[in-house]
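Below: the structure, in structure tokens.
The values are calculated or read from the model by the stated rules, or taken from the named source; none is laboratory data. Remember, it's a predicted structure, so these values are computed and weren't measured experimentally. Please note: Cβ atoms are built from the backbone with ideal geometry, for glycine as well, and neighbour counts cover all protein chains shown.
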């Protein structure tokens with residue numbers, strides 16, 4: 001391998017442990033910052049019987065640190081197929097770079113113990129063109145196995161079974177790995193997979209069901225969670241990465257947050273991610289950027305808006321990774337002549353008109369809230385200040 | 001409502017086809033039919049309870065809408081807050097009224113349950129294909145444990161009903177949002193909130209958007225203070241009856257598909273009760289919790305209709 005590793009310090013300022021003193025976000029107050037929602041934020045109430053821990057998984061031991069492993073050979077842009085060997089090498093190099101360990105096994109042992117029940121939060125919403133890559137998921141399972149976790153203690157999970165069925169990870173994984181969903185489909189009809197005692201309550205649009213409950217799998221079974229989001233545009237949040245994948249992918253009744261052109265995702269995404277025990281147990285972020293979606297996300301029903309960042313991002317800080325993601329998506333959109341994810345102009349808004357949005361990258365159906373990343377930082381989930389994010393690039 | 005009236009509230013199948021169909025109706029579990037007067041004796045001879053009801057009688061009945069959900073893009077999201085056709089407001093407004101459902105296929109069982117839940121006298125015209133599902137529902141309703149005493153409605157606020165169509169739609173939205181009210185002749189100090197269209201708080205113009213008016217009332221009440229909340233669905237309408245001895249919760253699922261894990265919250269400290277669910281039978285309630293002056297429990301599975309009975313509060 002032609003390895004070129006270097007550290008790119010995005011700012012001279014030291015990686016401040018500024019999170020301790022970060023004031024609580026102004027719940028219910030208008031944000032004074034430009035580009036953020038002008039209206040008072042909704043009142044969100046967290047109910048959880050689980051106590052936090054001294055060193056929660058998010059932001060974990062490396063706040064503000066991201067390892068970006070890139071390879072021109074990781075995916076064939078004609079067929080969209082990934083190269084398994086290259087991906088495995090990227091995974092090995094990324095984990096070693098993140099942890100400073102010499103071997104992948106040692107790196108994985110920093111996060112996982114043989115007794116753990118390990119959840120792998122995949123993203124299947126971009127089927128068929130952009131989902132958590134089989135190769136990455138399989139490599140995670142392989143490495144947890146090397147650590148000593150039996151396959152039966154590994155859970156690949158999503159909220160909706162129909163999406164997992166479409167993607168069909170099982171043939172790529174060892175026998176015994178559990179593929180788990182909370183609901184059969186996105187119909188708001190199956191609640192048995194959710195924990196009635198652990199939820200965020202909010203009245204956003206006058207909906208009757210004001211609770212978003214955490215998956216039982218997360219609260220009652222898993223001891224560690226590895227988050228494997230994609231690099232995707234999102235009509236309500238601006239981009240969907242670590243934060244939204246772990247938050248909206250682990251709680252019920254979240255589609256209610258964006259409706260008729262308006263999105264409450266600004267504060268809701270980070271708040272969900274901060275709920276215990278999800279925050280403590282999510283110990284590793286592996287962002288699959290082999291493929292990406294620059295418009296129309298989180299879906300990828302056609303290849304029209306698919307692109308190929310050809311990279312995987314590693315870290316324990318979901319905010320830092322997502323802050324980079326915002327730029328990746330916005331830069332790609334600019335390169336394609338599309339409006340910025342930060343554009344709040346009503347002239348681009350065609351409320352609820354999905355077909356218009358799919359046909360034209362200069363159409364929004366909701367005002368996006370990329371500020372959700374910065375809000376999550378204020379909740380202590382990571383570092384959003386780009387000047388304080390340290391990126392280590394690794395070339396494979 | 002008296003107990004006798006309660007028991008008599010089982011809806012009646014309107015059947016205009018000949019008595020030849022009696023065996024198939026009986027096989028489906030239907031024991032009571034509303035038939036033209038001249039056919040009643042033959043039906044009785046065939047072993048069914050026949051209620052004489054001619055066309056003239058039917059036209060005197062108030063029409064009830066076919067219950068269920070439908071997509072109305074201008075009014076509600078298909079996936080988040082579907083548009084619900086429900087008759088609870090109509091029944092609460094005129095509980096002694098006589099009602100007639102004229103139902104398309106697939107609606108008979110829910111309609112029967114809805115009429116039963118509100119204890120009204122309803123006749124059902126159905127598609128013949130629904131005979132079996134209606135029979136199963138009627139059998140379920142007949143087998144439900146009878147309350148020892150008639151239970152009063154629980155209400156969180158009062159409504160002065162001016163009998164207008166506008167107010168009818170407001171009542172409809174109250175019911176659909178599970179806002180429990182009692183119709184009173186004049187604003188009442190018995191309740192901490194009274195709604196009268198034309199009052200300073202609720203001017204007539206507010207009724208132009210009944211959904212917004214319902215939301216205003218809900219927020220004035222405060223969700224924590226509401227006697228009843230439903231979580232895990234936007235398509236379940238509940239009716240709560242209670243006195244000092246016990247409580248009964250009627251759960252009507254308008255969504256057309258079974259729901260898993262409907263969470264119910266009721267003000268008050270109730271011991272664990274039992275659910276009777278159409279198509280499922282009796283089942284224990286899951287994850288019963290009493291905290292902060294309220295009782296919560298999960299109904300494991302809910303078809304078109306279920307009843308939860310809770311013993312006397314602690």
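Here are a few things to note about the model shown:
- Residue count for segment B:280-314, restricted to those that are over 23 Å from residue B:244 (Cα atoms) and not in a strand (DSSP E or B): 3.
- Residues being loosely packed, with under 13 Cβ neighbours inside 10 Å, in a loop (DSSP other than H, G, I, E, B) and under 25 Å from the mean Cα position of the chain (by Cα) - total across segment B:9-67: 0
- Leading residue by the ranking (nearest to the other protein chains (Cβ to nearest Cβ)) among those in segment A:204-226 that are surrounded by fewer than 18 Cβ atoms within 10 Å (Cβ to Cβ) and under 26 Å from residue A:122 (Cα atoms): A:220
- Among residues of segment A:233-280, those that are at pLDDT 95 or above, assigned to a strand (DSSP E or B) and out of contact with any strand residue (DSSP E or B) (no Cβ under 7 Å at 6 or more places or on another chain), counted: 1
- Residue list for segment A:157-203, filter: touching a helix residue (DSSP H, G or I) at 6+ places or on another chain (Cβ under 9 Å), part of a loop (DSSP other than H, G, I, E, B) and buried (at least 19 other Cβ atoms within 10 Å of the Cβ): A:169, A:173, A:177, A:188, A:193, A:202
- Residues of segment A:164-191 satisfying the condition of being at the interface with chain B (Cβ under 9 Å from one of its Cβ atoms) and free of Cβ contacts under 8 Å to residues at least 12 places away in the same chain: A:187, A:189, A:190
- Condition met for residue B:224 (surrounded by fewer than 18 Cβ atoms within 10 Å (Cβ to Cβ), more than 25 Å from residue B:85 (Cβ to Cβ) and facing another protein chain (nearest Cβ under 8 Å)): no
- Residue count for segment B:170-218 under the criterion of being within 14 Å of chain A (Cβ to nearest Cβ) and either assigned to a helix (DSSP H, G or I) or touching a helix residue (DSSP H, G or I) at 6+ places or on another chain (Cβ under 7 Å) (or both): the result is 15.
- Residue match in segment A:58-69 (condition: over 21 Å from residue A:230 (Cα atoms) and assigned to a loop (DSSP other than H, G, I, E, B)): yes
- Some residue of segment B:259-279 being touching a helix residue (DSSP H, G or I) at 6+ places or on another chain (Cβ under 7 Å), buried (at least 22 other Cβ atoms within 10 Å of the Cβ) and either touching a residue at least 12 places away in the same chain (Cβ under 8 Å) or not in a strand (DSSP E or B) (or both): yes
- Only one of the listed residues (B:292, B:286) is at pLDDT below 95, farther than 23 Å from residue B:135 by Cα and within 13 Å of chain A (Cβ to nearest Cβ). That residue is B:292.
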